[in-house]
Amino acid sequence: MVRARRHGLRYLADADLTDLIRPALPADLRGLLAALTSDRVEREQYMDFLVARRFRQTILCHATQPAADAPLADRLAQCWFSSPAASLTPDKVSQPSAVAVFEKSGGPRLETDLLPGKLALARLTGAWPRRLAFAGLEAPTSPVVAGAPTGAPAPRLREHLCAFLLEAITARLVFCHGFCPRTVQVPGSRPRAFPPARVQAGAGQWVVNAFHQTLDLEPPAARVLLTLSDGTRSREELLHAMTTLASGEPTERAGGWPTTADDLEAALAKLGDGGLLVE
């Protein structure tokens, strides 16, 4: 940081948002940390010792750039979100005072009775791996919200939702994004696959989707359909090409190839759900 200051730079944050949130520390330890120093960089160094952090992904900014020392929840209204979690209590999501449980497979778990938060997280889990804008999570809800007074104005509800999303992000249950790829679930008249995935499908079964996730396209038919979907072929042309290729496949590889228009739609829908089709 001393060298950074010589070049007019200063510490802004770490790339992983969860690293910016202080772990739960005993009150006496928090008091000791506050008494040791008021300098943010020094506090971060002490936190490295306390949590045994071995590696940082530090973001620097110009020293003259105004910035907060902690994440501002209200800024989340400008972002997109996604969540691989599942709702373990779907019947509790729409009940204002009930506690709903969400959990990421083999990962974190979150329990909440905040109605806007429950509804937002339910929408995200149902849309995975697609990303939803904040406006899509801020749908109208009952004014009776846990932690908010009855009849609370919309800005207050937005504040509660932003705070909830920040909590879910730091718990690694929700991902925050600065952009949203232009993917589609139902392709147009000439389906078009994510270009890098088309190239990769021609070389093997592992491809990357528009959300930077690696997918295993084990069935050969899925990989062939992906390579053919370059935006130049209609559905009829795709089906003709697929059936022609399938007729030349050995018996052990012939399964899973679309032979009807309905088969093709189902195969395209599966690619769309995986974030592999774009506008």
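State whether one or more residues within the stretch 237-244 are surrounded by fewer than 15 Cβ atoms within 10 Å (Cβ to Cβ), farther than 15 Å from residue 221 by Cβ and modelled with pLDDT of 85 or more. Within the stretch 237-244, one or more residues are surrounded by fewer than 15 Cβ atoms within 10 Å (Cβ to Cβ), farther than 15 Å from residue 221 by Cβ and modelled with pLDDT of 85 or more.
Annotation note: Cβ proximity below 9 Å between a residue of the stretch 80-94 that is charged (D, E, K, R) and a residue that is surrounded by fewer than 19 Cβ atoms within 10 Å (Cβ to Cβ) (sequence gap 6+ or interchain) occurs for 91/98; 92/98; 92/99; 92/101; 92/113.
Do we find a residue being under 17 Å from residue 177 (Cβ atoms), touching a residue at least 60 places away in the same chain (Cβ under 8 Å) and out of contact with any Phe, Trp or Tyr (no Cβ under 8 Å at 6 or more places or on another chain) anywhere in the stretch 52-72? Checked against the condition, which is being under 17 Å from residue 177 (Cβ atoms), touching a residue at least 60 places away in the same chain (Cβ under 8 Å) and out of contact with any Phe, Trp or Tyr (no Cβ under 8 Å at 6 or more places or on another chain), the stretch 52-72 yields at least one hit.
Residues in the stretch 200-227 that are hydrophobic (A, V, I, L, M, F, W, C) and either over 23 Å from residue 241 (Cα atoms) or in a strand (DSSP E or B) (or both): 206, 207, 208, 210, 211, 215. Just one of the numbered conditions (1) free of Cβ contacts under 8 Å to residues at least 24 places away in the same chain; (2) under 30 Å from residue 133 (Cα atoms) is not true of residue 183: (1).
Taking the listed residues 32, 25, the one that is more than 26 Å from residue 169 (Cα to Cα), at pLDDT below 90 and among the aliphatic types (A, V, I, L, M) is 32, with no other qualifying. The single condition among (1) touching a helix residue (DSSP H, G or I) at 6+ places or on another chain (Cβ under 9 Å); (2) in a loop (DSSP other than H, G, I, E, B) that residue 237 does not satisfy is (2). Here the stretch 150-183 is the region considered, the condition is being buried (at least 17 other Cβ atoms within 10 Å of the Cβ) and over 15 Å from the mean Cα position of the chain (by Cα), and the residue that is modelled with the lowest pLDDT is 157.
Looking across the stretch 98-149 at every residue that is among the acidic types (Asp, Glu) and at pLDDT 90 or above, the one that is farthest from the chain's Cα centre (by Cα) is identified as 113.
For the stretch 100-107, state whether one or more residues are touching a residue at least 40 places away in the same chain (Cβ under 8 Å), hydrophobic (A, V, I, L, M, F, W, C), in a loop (DSSP other than H, G, I, E, B) and touching a helix residue (DSSP H, G or I) at 6+ places or on another chain (Cβ under 8 Å). No, every residue in the stretch 100-107 fails to be touching a residue at least 40 places away in the same chain (Cβ under 8 Å), hydrophobic (A, V, I, L, M, F, W, C), in a loop (DSSP other than H, G, I, E, B) and touching a helix residue (DSSP H, G or I) at 6+ places or on another chain (Cβ under 8 Å). Please enumerate the residues belonging to the stretch 75-85 that are surrounded by 14 or more Cβ atoms within 10 Å (Cβ to Cβ) and out of contact with any Ser or Thr (no Cβ under 6 Å at 6 or more places or on another chain). Selection gives 76, 77, 79, 80, 81, 82, 84.
Being surrounded by fewer than 18 Cβ atoms within 10 Å (Cβ to Cβ), touching a strand residue (DSSP E or B) at 6+ places or on another chain (Cβ under 9 Å) and part of a helix (DSSP H, G or I) is a description that does not apply to residue 186.
Could you say which residue among 85, 68, 77 is within 18 Å of residue 17 (Cβ to Cβ) and not assigned by TED's automatic domain parsing to the domain that holds residue 120? First the steps, then the outcome.
Values: 85 fails: not assigned by TED's automatic domain parsing to the domain that holds residue 120; 77 fails: not assigned by TED's automatic domain parsing to the domain that holds residue 120.
The match here is 68.
The values are calculated or read from the model by the stated rules, or taken from the named source; none is laboratory data. Predicted, not measured: the structure shown is a model, and the values here were computed from it. Neighbour counts are summed over all protein chains in view; Cβ atoms, including those assigned to glycine, are modelled from backbone coordinates with ideal geometry.
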